[in-house]
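Read-outs: derived from the displayed coordinates by stated rules, not from any lab. On a predicted model such as this, the values are computed, not experimentally measured, just so you know. Counting neighbours? That spans all protein chains shown, and the Cβs are built from the backbone with ideal geometry, glycine included.
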Amino acid sequence: MVDGVIITVIKSLVLASVLMGFFAYMTWVERKLIGRFQARYGPNRVGPYGLMQPIADLGKMLQKENMIPEMAHRKLYIAAPFIAMTCAIGAFGLLPFGNVATIPGTDWTIHLYIADTSVSLLVVAAIGSLGFYGLMIGGWASSSKYALLGGMRAIAQLVSYEVAFTLAVIGVIIQASSLSFVTIANAQEHLWYIIPQFLGFLVFFVAAVAESNRPPFDLTEADGEVVAGYHTEYGGMRYAMFAAAEFINAITLSALGAVLFLGGPSGPFLPGPIWMMLKIGAFLFVLIWIRATLPRVRFDQLMKIGWKVLLPVATLNLLLTAVAVVYL
């Protein structure tokens with residue numbers, strides 16, 4: 001905690017609030033963009049240009065009855081969406097939006113990240129892995145064969161792509177010689193890693209789409225096969241927490257990609273936080289574009305891409321990076 005306990009707590013609360021607000025209005029942006037891609041308007045009834053639609057959706061979720069299946073494991077059933085939500089928000093905390101900023105009108109400085117350690121990347125990976133338990137516990141505790149099947153499929157998918165995802169990131173670690181996000185971002189001051197690590201970036205991006213359950217890899221919610229996946233038996237705000245965790249994971253992975261491959265907050269003219277938001281927005285735009293363009297793949301195709309395509313390519317990128325760092 002580089003700024004002390006009190007400042008860190010304040011920054012954490014601000015980050016969580018901003019992230020939730022950003023998530024809420026990214027749902028509006030996504031629906032508007034998909035509407036344009038499909039030659040329709042998207043949300044346009046609640047408020048000017050439909051800007052109040054996220055608030056209306058929240059009100060709708062709050063009014064829905066939160067039922068618990070009769071045979072469900074009550075405590076775990078209730079805990080599962082909180083686990084998924086907490087891990088999704090917590091993984092965002094170590095990502096930097098800049099180095100140091102001065103508070104206007106004072107001599108005080110504040111770091112534009114909550115914490116930075118020599119193993120920041122491992123911490124984020126560990127927190128993200130814990131989020132898998134929320135999906136599996138939710139499917140198992142619901143006492144529904146469809147929810148259990150959806151949970152098992154979610155874990156199979158996420159574990160499969162986590163391997164290639166990790167190998168793609170290791171190439172960046174080797175090149176930067178650090179696991180610290182701040183060090184990795186600063187090391188790209190003159191050359192973004194998307195250029196020397198382009199192969200790793202492609203693997204990272206495809207794996208990130210699969211890990212965030214975004215189309216065409218949203219097999220955990222393939223309603224034609226397993227009804228609605230691991231959250232089949234959830235409704236109201238508990239369902240909304242799963243949906244929020246899923247979208248926040250997409251935002252977190254976009255921020256992670258911006259830091260690892262696009263220099264994070266670095267860029268000319270504009271302040272670091274603005275550059276960071278622009279890069280996150282670019283990642284999210286591509287994710288939305290893909291959703292509006294590609295059809296859902298079959299589950300066997302999903303596993304084949306992960307194990308037979310991404311894993312060999314990520315391994316090749318790792319070997320090439322190691323050779324380049326040692327001999328060039």
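Of Lys64/Lys145; Lys32/Lys64; Lys60/Lys308; Lys279/Lys308, which sit over 32 Å apart, Cα to Cα?
Beyond 32 Å: Lys60/Lys308.
Quick one: net charge around Lys32, please, counting Lys, Arg +1 and Asp, Glu -1 for every other residue with C-beta under 15 Å from its C-beta.
It works out to a net charge of +3.
Show me the three semi-axes of the equivalent ellipsoid for the chain, from the C-alpha gyration tensor (sqrt of 5 times each eigenvalue), largest first, rounded to whole Å.
Working through the eigenvalues yields semi-axes of 32, 25, 20 Å.
Please compute the volume of the convex hull spanned by the alpha-carbon atoms of segment 36-129 and report it per residue in Å³.
Per-residue hull volume (Cα only) is 258 Å³.
Along the charge dipole of segment 66-327, Cβ charges K/R +1 and D/E -1, which of Ala244, Thr183, Ala255 sits furthest on the positive end?
Ala244
Fewest to most neighbouring Cβ within 10 Å: what's the order for Glu233, Glu162?
Lowest to highest Cβ neighbour count: Glu162, Glu233.
Calculate, for Ser143 and Met20, the FRET efficiency according to 1/(1 + (r/R0)^6) with r their C-beta to C-beta distance and R0 30 Å; round to the nearest 0.05.
My answer for the efficiency is 0.50.
Report, in deg cm²/dmol and to the nearest 500, the calculated mean residue ellipticity at 222 nm for the chain, where each DSSP H run with n ≥ 4 adds -39500 (n - 2.57) and the sum is divided by the residue count.
-21500 deg cm²/dmol
With charges set only on the Cβ (+1 for Lys and Arg, -1 for Asp and Glu), what does the dipole of segment 1-60 come to about its Cα centre, in debye to the nearest 20?
Roughly 360 debye, rounded to the nearest 20.
Could you tell me which residue out of Leu94, Ala292, Leu76 lies farthest along the dipole of the chain toward its positive end? Charges go on the beta carbon: Lys and Arg +1, Asp and Glu -1, centred on the Cα centre.
Of the listed residues, the answer is Ala292.
Among Gly150, Gly42, Gly138, which one shows the highest mean-square fluctuation when the chain is modelled as a Gaussian network with alpha-carbon springs under 10 Å?
Gly42
For segment 245-324, with only Lys/Arg (+1) and Asp/Glu (-1) charged at the beta-carbon, what is the dipole magnitude about the Cα centre, in debye rounded to 20?
Dipole size: approximately 240 debye.
With unit charges on the beta carbons (Lys and Arg positive, Asp and Glu negative) and the dipole taken about the Cα centre of the chain, which residue among Val313, Val203, Met152 sits farthest to the positive side?
Met152
Which value results when the Cα radius of gyration for segment 59-206 is divided by 2.2 N^0.38 Å?
Against the empirical 2.2 N^0.38 Å value, I get 1.36 for segment 59-206.
When His111, His190, His73, His231 are ordered from fewest to most other Cβ atoms inside 10 Å of their Cβ, what list results?
Final ranking by Cβ density, sparse to dense: His190, His73, His111, His231.
Given Cβ point charges of +1 (Lys, Arg) and -1 (Asp, Glu) and nothing else, what value in debye, to the nearest 20, does the dipole of the chain about its Cα centre take?
740 debye
With equal scatterers on the alpha carbons only and no solvent term, can you work out the Debye log10 of I(q)/I(0) for segment 236-298 at 0.12 1/Å?
Evaluating at q = 0.12 Å⁻¹ gives log10 I(q)/I(0) of -0.40.
Semi-axes of the equivalent ellipsoid for segment 221-328, please: Cα gyration tensor eigenvalues, times 5, square-rooted, ordered largest first, whole Å.
For segment 221-328, the semi-axes come out at 31, 24, 12 Å.
With the cut-off at 27 Å, report for segment 129-253 the share of all Cα pairs above it, as a whole percent.
Percent of Cα pairs beyond 27 Å in segment 129-253: 29.
Please give me, ordered by residue number, the chymotrypsin sites (Phe, Trp or Tyr not before Pro) of segment 91-125 that lie in loop per DSSP and have at most 11 other Cβ atoms within 10 Å.
Trp108
Among Arg153, Arg74, Arg45, whose mean-square fluctuation peaks in a Gaussian network model of the chain (Cα, cutoff 10 Å)?
Among Arg153, Arg74, Arg45, the largest mean-square fluctuation in the Gaussian network model of the chain belongs to Arg45.
Give, in nm to one decimal, the length gained when the segment between Arg298 and Lys75 is fully stretched (0.36 nm per residue of separation minus the Cα-Cα distance).
That pair, Arg298 and Lys75, stretches by 76.9 nm at full extension.
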